[in-house]
Amino acid sequence: MGITTQDQFLTAHAHSVQALLLSGTHPVTSDTLRLLPSPGLIVTTSAGLNHIDLPECQRRGISIAGAGNLYSEDLADLAVGLLIDVLRKISVADRYIRRQLWPSKGEFPLGFKLRGKQVGIVGLGSIGLEVAKRLEAFGCNILYNSRRKKPSIQYPYYSNILELAKNSDVLIICCELTEQTRHMINKEVLLALGKEGVIINVGHSAVIDEQEMMGCLMRGEIGGAGLDVFEKEPDVPKQLFALDNVVLSPHRAAHSQETILALRDLVVGNFEAFFSNKPLLTPVIMNQLF
Amino acid sequence: MKSIGVLMTCHMDSYLEQELEKRFNLLRFWTATEKSTFLATHKNSIRAVVGNAFGGADAELIESLPKLEIVASFSVGLDKIDLAKCKEKGIRVTNTPDVLTDDVADLSIGLMLAVLRKLCESDRYVRSDKWKKGDYTLTTKFTGKTVGIIGLGRIGMAVAKRAEAFSCPIHYYSRTEKPETKYKYYPSVVELAANCDILVVACSLTEETRHIIDREVIDALGRKGVLINVGRGRHVDEPELVSALVECRLGGAGLDVFEHEPEVPEELFGLDNVVLLPHVGTGTVETRQAMADLVIGNLEAHFQKKPLLTPVV
């Protein structure tokens, strides 16, 4: 027995495979798809779809069942949690107490209010809308950038990410990773956000140019960051560890126990639907994507 | 007004000190080596006391200041002021309501998210490089959890409004039922605790509400329940709370206040289901300035014989 490569494994079993179950970590390319003579279904547990060759799937008539809106509430909760943590220094304060600094050092530095903050949401899909709904209750003013303006939405729309950043105190990344959004948050955008600006990322790490963001944080060119995702997870740039104006989360924004149980039910439900010729529970509609 | 003596009970805010110093003869009580001598020396010039959640004006202090006319608190809570004594002697009392409501409510939700989603613990996990060894555990979802609020005043209502945006059903206990809200009323704290996932203390501290969170309430809240305290440390029977957390009889706690600040029970430091804050409920630049402006505004109004801005007594 040796270790089979992925290709050898697929070749050996391909004729009996009818469906693929994926997480977001391994790309499914047209090569993989070609090895499988009759996959009809891909079920992915990831929030995003950038690991799947979508045009190839469409060409071959392969259905895709995604996670739908399953993660949106957890992701929105965590985005808000990270923002409050950064502005009010919750994690810093908790460390302060556990290191027994309160009795000796006394006064803890002040944070910043949420009410009145201009919050720019990057990507107003289901996650972005959940974030907006929550932050409105704190008195934040919501702005957004998205592929297209949404006619039913009252929040001010900025077609240009730089203009959004100039008009925001906070940027919250809630969008998919695509060719257009890769490194969309670059140095120019970060500088426009400004030295009191805060960036929160619960989306895909590659939407932000991580190197530039690191530089801006180190030089005080932006005010702070709350990050659930990093370009080379689980390797996180060590320079971040010394900063008190960043809050770090190990890519768990979407992972509450309740959601994982719901995910299991959703995955099983989608397979059952497919194999009994019923409509998928959470089909990815191809023509909405490109 | 530069001859008017204003006694500041403890160090509370640099901007406030600076502004008081510009207008009055500011006397910093915490710097006195011998407090009774200090009072004896200055008693005839002190016409105002500026206090806060740590140091107010008790009967003893009031009695030792014969020229005292007004106590302006740098807080909304009045538990450190002997209100009855002030009324008896015709001493005015002011506080800082409304300006701090948002901050305390924001922090309450922040604590709920931090406890349930383990924000501080997972930040520690990343910073200690443990992520390379394995993924962090699953945490508890916040959206949809039932939030029970003790005290539906300004702060309680602000907490409710925010929690509703997370689809949290709101239950509450208050001295009187508030039928104009659509929230579910419980006639006792124990019943409220038994019927919510997260219990928030948002009422003022009085004789009646001291230790309102006792063993019975903690047991009713239970193994999966979470307590959030942004009120006063003395709202909670702290030794009971600590043992419930250590013995896993309570699911978790987010605490901004403690019975003997700045002392925090050390048994809590090893727990991953608690978040501990150094009384920063009103701790933003904007709010502390607004609070300070109210203190100054009230003092100026009093000494200029104009109506007080936010009188209590």
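The values are calculated or read from the model by the stated rules, or taken from the named source; none is laboratory data. Note that the structure is predicted; figures quoted are calculated from it, not measured. As a convention, Cβ positions derive from the backbone with ideal geometry for all residues, glycine included, and neighbour counts pool all protein chains shown. Calculation scope for accessible area: heavy atoms of the full protein, side chains included, ligands and nucleic acids excluded. Shrake-Rupley method; radii C 1.70, N 1.55, O 1.52, S 1.80 Å.
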- Relative contact order for the range A:35-105 using alpha-carbon pairs under 8 Å, separation at least 6, rounded to a whole percent? 28 percent
- Item | Minimum 40 Å² accessible area buried by the other protein chains, the range A:99-143 residues, probe 1.4 Å, relative to alone | A:Gln100, A:Trp102, A:Pro103, A:Glu107, A:Leu110, A:Lys113, A:Arg115, A:Lys133, A:Arg134, A:Ala137, A:Phe138
- Item | Accessible area of the range B:204-313 divided out per residue, in Å², using a probe of 1.4 angstrom | 41 Å²
- Item | chain B: Cα Rg divided by the 2.2 N^0.38 Å rule of thumb | 1.09
- With point charges of +1 on the Cβ of Lys and Arg and -1 on the Cβ of Asp and Glu, referenced to the Cα centre of the range B:90-242, which listed residue (B:Gly110, B:Trp131, B:Cys168) lies farthest in the positive direction of the dipole? B:Trp131
- Working out 0.36 nm times the residue gap between A:Arg264 and A:Val17, then minus their Cα-Cα distance, what length gain in nm do you get to one decimal? 86.9 nm
- On the accessible surface of chain A, probed at 1.4 Å with all protein chains in place, carbon and sulfur together account for a percent value of 53 percent
- Message: Which positions within the range B:150-196 get 50 Å² or more of their accessible surface covered by the other protein chains, compared to the chain by itself, with a 1.4 angstrom probe?
- Response: B:Arg162, B:Ala165, B:Phe166
- Task: Would you work out the relative contact order for chain A, in percent, from Cα pairs under 8 angstrom that are 6 or more residues apart?
- Result: 17 percent
- Query: Using alpha carbons only, what's the Rg to Rh ratio of the range A:194-290 with Rh from Kirkwood?
  - Reply: 1.16
- Rounded D (µm²/s) - the range B:11-163, Kirkwood Rh over Cα pairs, Stokes-Einstein at 10 °C, 1.306 mPa s: 83 µm²/s
- Message: For the full complex of protein chains and a 1.4 angstrom probe, list A:Met214, B:Met157 by accessible area with the highest value first.
- Response: B:Met157, A:Met214
- Considering only DSSP beta bridges whose two residues both sit in the protein assembly as shown, what percent are antiparallel, to the nearest 5? 5 percent
- Beyond 24 Å, what share of the Cα-Cα pairs of the range B:1-94 remains, rounded to the nearest whole percent? 11 percent
- Task: Counting only heavy atoms of the protein chains, get the accessible area per residue of the range B:36-137 (1.4 Å probe) and round it to a whole Å² value.
- Result: 37 Å²
- Total Å² of accessible surface buried at the A-B contact, 1.4 Å probe, nearest 100? 5400 Å²
- Item | Computed FRET value (nearest 0.05) for B:Thr31 with A:Glu179, which takes r as the C-beta separation and R₀ as 60 Å | 0.40
- Query: Which of B:Tyr185, B:Thr101, B:Gly231 sits farthest toward the positive end of the charge dipole of chain B, with +1 on the Cβ of Lys and Arg and -1 on the Cβ of Asp and Glu?
  - Reply: B:Thr101
- Item | Burial order of peptide ranges A:201-212, B:129-140 (average beta-carbon count within 10 Å, highest first) | A:201-212, B:129-140
- Message: List the trypsin sites (Lys or Arg not before Pro) within the range B:145-220 that DSSP assigns to loop and that have no more than 12 neighbouring Cβ atoms inside 10 Å.
- Response: B:Arg175, B:Lys182
- per DSSP, antiparallel bridges as share of beta bridges in the range B:103-207, % nearest 5, sits at 0 percent
- Query: Does the range A:140-212 come out rounded, prolate or oblate by the C-alpha gyration tensor, with a ≥ b ≥ c the root eigenvalues, rounded set by a/c under 1.5 and, if not, prolate when a/b is larger than b/c and oblate if not?
  - Reply: oblate
- Query: How many percent of the accessible area of the range B:115-266 is carbon or sulfur, using a 1.4 Å probe?
  - Reply: 48 percent
- Query: Taking the Cα centre of chain B as the origin, how large is its charge dipole in debye, to the nearest 20, when only Lys and Arg (+1) and Asp and Glu (-1) carry charge on their Cβ atoms?
  - Reply: 740 debye
- Heavy-atom accessible area of B:Trp30, protein chains in place, probe 1.4 angstrom, given in Å² to nearest 10, is 80 Å²
- Query: In terms of the ratio Rg/(2.2 N^0.38 Å) built on C-alpha atoms, what value belongs to chain A?
  - Reply: 1.12
- Query: Which lysines does B:Lys141 reach when only Cα atoms under 18 Å apart count, and residues fewer than 8 places away in its own chain are ignored?
  - Reply: A:Lys133, B:Lys118, B:Lys224
- Query: Ignoring ligands, DNA and RNA, what accessible area per residue does chain A give at 1.4 Å, in Å²?
  - Reply: 46 Å²
- Once the Cα atoms of helix B:101-116 and of chain B are each reduced to a long axis, what angle between those two axes, in degrees from 0 to 90 to the nearest 10, is obtained? 30 degrees
- Would you kindly derive the ³J(HN,Hα) couplings of the range B:61-71 from the backbone phi angles with the Karplus curve 6.51 cos²θ - 1.76 cosθ + 1.60 (θ = phi - 60°), listing them in order in whole Hz, with x for Gly and Pro? 5, 4, 4, 8, 10, x, 9, 5, 10, 8, 10
- Can you tell me the 0 to 90 degree angle between the C-alpha axis of helix A:257-275 and the longest principal axis of chain A, rounded to 10? 20 degrees
- Which percent, nearest 5, of DSSP beta bridges in the range A:91-244 are antiparallel? 5 percent
- Quote the FRET efficiency, to the nearest 0.05, computed for B:Ser64 versus B:Cys248 with a Förster distance R0 of 45 Å and r equal to the Cβ-Cβ distance. 0.40
- Query: What FRET efficiency, computed as 1/(1 + (r/R0)^6) with R0 = 41 Å and r the Cβ-Cβ distance, is obtained for B:Asp135 and B:Gln18, rounded to the nearest 0.05?
  - Reply: 0.25
- In units of 2.2 N^0.38 Å, the Cα radius of gyration of the range B:162-282 is 1.03
- Message: Whole percent per 10 Å bin, from 0 to the bin with the longest distance: what is P(r) over all C-alpha pairs of the protein assembly as shown?
- Response: 3, 15, 23, 23, 17, 10, 4, 2, 1, 0
- Note on the structure: Interchain or sequence-distant (5+) residues whose placed amide H lies within less than 5 Å of the amide H of A:Ile52 are A:Val28
- Note on the structure: Counting sequence-distant residues (5 or more places) and residues on other chains, those with an amide H built under 5 Å from that of B:Ile81 are B:Ala57
- Magnitude of the Cβ-charge dipole (Lys and Arg +1, Asp and Glu -1) of the protein assembly as shown about the Cα centre, nearest 20 debye, reported as 1060 debye
- Task: Mind jotting down the distance between the C-alpha centroids of the range B:243-266 and the range B:3-52, whole Å?
- Result: 34 Å
- Query: So which GluC sites (Glu not before Pro) in the range B:33-138 are both in a DSSP loop and have at most 13 other Cβ atoms within 10 Å of their Cβ?
  - Reply: B:Glu34
- Evaluate the charge dipole of chain A about its Cα centre and quote only its size in Debye, nearest 20, assuming +1 on the Cβ of each Lys and Arg and -1 on the Cβ of each Asp and Glu. 560 debye
- Note on the structure: In the range A:230-244, the residues losing 40 Å² or more of accessible area (1.4 Å probe, heavy atoms of protein chains only) relative to their chain alone are A:Pro234, A:Phe241
- Query: Helix A:126-136 versus the longest principal axis of chain A: what angle, 0 to 90°, nearest 10, using Cα atoms?
  - Reply: 20 degrees
- Message: Quick check: the distance between the Cα centres of the range A:239-290 and the range A:143-196, to the nearest angstrom?
- Response: 23 Å
- Query: Would you list A:Arg182, A:Arg98, B:Arg28, A:Arg60 from the most to the least accessible area, probe 1.4 Å?
  - Reply: A:Arg182, A:Arg60, B:Arg28, A:Arg98
- Over chain B, calculate the relative contact order: mean separation of alpha carbon pairs under 8 Å at least 6 apart, over the residue count, as a percent. 17 percent
- Straight-distance crosslink candidates among lysines, where the alpha carbon sits under 28 Å from B:Lys305 and sequence neighbours closer than 8 are dropped: B:Lys2, B:Lys22, B:Lys43, B:Lys67, B:Lys80, B:Lys85, B:Lys87, B:Lys89
- Message: Residue by residue through the range B:218-232, what is 3J(HN,Hα) from phi via Karplus (6.51 cos²θ - 1.76 cosθ + 1.60, θ = phi - 60°)? Round to whole Hz and write x for glycine and proline.
- Response: 4, 4, 5, 5, x, 4, 10, x, 10, 9, 10, 10, 10, x, 10
